[in-house]
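First comes the structure, then the notes that go with it.
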Amino acid sequence: MVFNTGAALLDAIVLAVVSKEEDGTYGYKITQDVRKAIEVSESTLYPVLRRLQKDDCLEVYDVECGGRNRRYYKITDRGGVQLNLYKTEWENYSSKISLLFSGEEII
């Protein structure tokens, strides 16, 4: 991708991915789902997951799977509020950029 992905956009994408699963989802699946939208490494995503957990946007729990624990991430109420804020900001931002690219005037 030509454009840099800032921390806020990464947070928004991760929250959107995690919010799709009511019971939460695990790290590898989050990575795979995020990669459908942008190219990102696991080493980039895990600090994002930790930051969102620290900010009370995600809760974490472990589930035994094949003799190993799999760490699951679930969006919290605070994370849902933050995701809605990101969605609103993204709609405003992306619509203005689209207008610029189409040559239209921004009001």
> Looking only at the range 16-25, which residues are modelled with pLDDT of 95 or more and in contact with a strand residue (DSSP E or B) (Cβ under 6 Å, 6 or more places away or on another chain)?
Replying inline: V18, S19
> Where in the chain are there helices (runs of 4 or more DSSP H), lying wholly inside it, with at least 2 residues that are loosely packed, with under 12 Cβ neighbours inside 10 Å and without any contact (Cβ under 8 Å) to a residue 24 or more places away in the chain?
Replying inline: 42-54, 77-102
>> The conditions are (1) within 19 Å of N84 (Cα to Cα); (2) in contact with a strand residue (DSSP E or B) (Cβ under 9 Å, 6 or more places away or on another chain), and V63 fails exactly one of them. Which is it?
In response: (1)
>> Could you check the range 41-74 and list, in sequence order, the residues that are in contact with an Asp or Glu (Cβ under 9 Å, 6 or more places away or on another chain) and of a type in the set (V, I, T)?
In response: V48
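The values are calculated or read from the model by the stated rules, or taken from the named source; none is laboratory data. Here the structure is a predicted model, which is why all the values come from computation and not from measurement. Note that each Cβ is placed from the backbone with ideal geometry, even for glycine, and that neighbours are counted across all protein chains shown.
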